[in-house]
Amino acid sequence: MIRYITVKSRSRTELINITEQVQEAVRVSKITHGLCHLFVLHTTAGITINEGADPAVQRDMVNFFDKLVPNDPYFTHAEGNSDAHIKSSIVGTAKTIFVENSRLVLGTWQAIYFWEFDGPRERRVAVKISGDS
Ligand code: ZN
């Protein structure tokens, strides 16, 4: 069974911590040992795992990605959001995390982030937890 996490972004480029929602999906699944697969169902968003403690890291990453891929007038895509499509491909749309004793196996400073590149929008992340209950 696939579950879905809904994410509401408020900025054009934004990192949103979804660790708690993913952990809740693991809890509801009753799977104790296995794998948690996450897949972003969009072409202008992504997913990453990075520091969850200091918000300055998120700000620096948002600013870096906006500098790395500016919305160049050279782009031909009529929708005008090619920068967001490129950022999505750089970051990727899938992650797999181990589950042990019904908990996501993450390092002390690690958090799971949804990457918004063309917000604000409502988004969905598919979650599949496989393993033993
Ligand atoms: Zn587009």
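Considering 130, 88, 102, the condition of being modelled with pLDDT of 95 or more, at positive phi and not aliphatic (A, V, I, L, M) is satisfied by 102 alone.
Suppose we keep only residues that are farther than 19 Å from residue 92 by Cα and either hydroxyl-bearing (Ser, Thr, Tyr) or within 14 Å of the chain's Cα centre (by Cα) (or both) within the range 113-133. Which one would you say is least open to solvent (accessible area, probe 1.4 Å)? Spell out how you get there, then give the answer.
Of the residues in the range 113-133, the ones farther than 19 Å from residue 92 by Cα are 120, 129-133.
Retained after the next criterion (residues that are either hydroxyl-bearing (Ser, Thr, Tyr) or within 14 Å of the chain's Cα centre (by Cα) (or both)): 130, 133.
Working: 130: 43, 133: 114 Å².
By that ranking, first place goes to 130.
Could you tell me whether the range 51-65 includes any residue that is touching a Gly at 6+ places or on another chain (Cβ under 7 Å) and over 18 Å from residue 123 (Cα atoms)? Full working, then the answer.
Initially, the range 51-65 is screened for residues touching a Gly at 6+ places or on another chain (Cβ under 7 Å), giving none.
Within the range 51-65, none of the residues are touching a Gly at 6+ places or on another chain (Cβ under 7 Å) and over 18 Å from residue 123 (Cα atoms).
Only residues that are open to solvent by 60 Å² or more (accessible area, probe 1.4 Å) and in contact with a strand residue (DSSP E or B) (Cβ under 9 Å, 6 or more places away or on another chain) were counted in the range 82-93, giving 2. All conditions in (1) open to solvent by less than 60 Å² (accessible area, probe 1.4 Å); (2) within 21 Å of residue 4 (Cβ to Cβ); (3) among the β-branched types (Val, Ile, Thr) hold for residue 96, with the sole exception of (1). Residue-level analysis places residue 3 outside the set of residues that are open to solvent by 80 Å² or more (accessible area, probe 1.4 Å) and either in contact (Cβ under 8 Å) with a residue 12 or more places away in the chain or within 10 Å of residue 115 (Cα to Cα) (or both).
Restricting attention to the range 77-111, which residues are of a type outside the set (Asp, Glu) and within 11 Å of the ligand (Cβ to nearest atom)? Walk me through how you get there before you give the answer.
First, pick out the residues of the range 77-111 that are of a type outside the set (Asp, Glu): 77-78, 80-82, 84-99, 101-111.
Within the range 77-111, 77, 78, 80, 81, 82, 84, 85, 86, 88 qualify.
Scan the range 25-43 residue by residue and report those that are open to solvent by 70 Å² or more (accessible area, probe 1.4 Å), under 24 Å from residue 116 (Cα atoms) and away from the ligand (no atom under 16 Å from the Cβ). Listed by number, the list holds a single entry, 39.
The values are calculated or read from the model by the stated rules, or taken from the named source; none is laboratory data. Here the structure is a predicted model, which is why all the values come from computation and not from measurement. Using ideal geometry, Cβ is built from the backbone for each residue, glycine included, and neighbour counts are taken over all protein chains shown. SASA here: full protein model, heavy atoms, side chains in, ligands and nucleic acids out. Shrake-Rupley method; radii C 1.70, N 1.55, O 1.52, S 1.80 Å.
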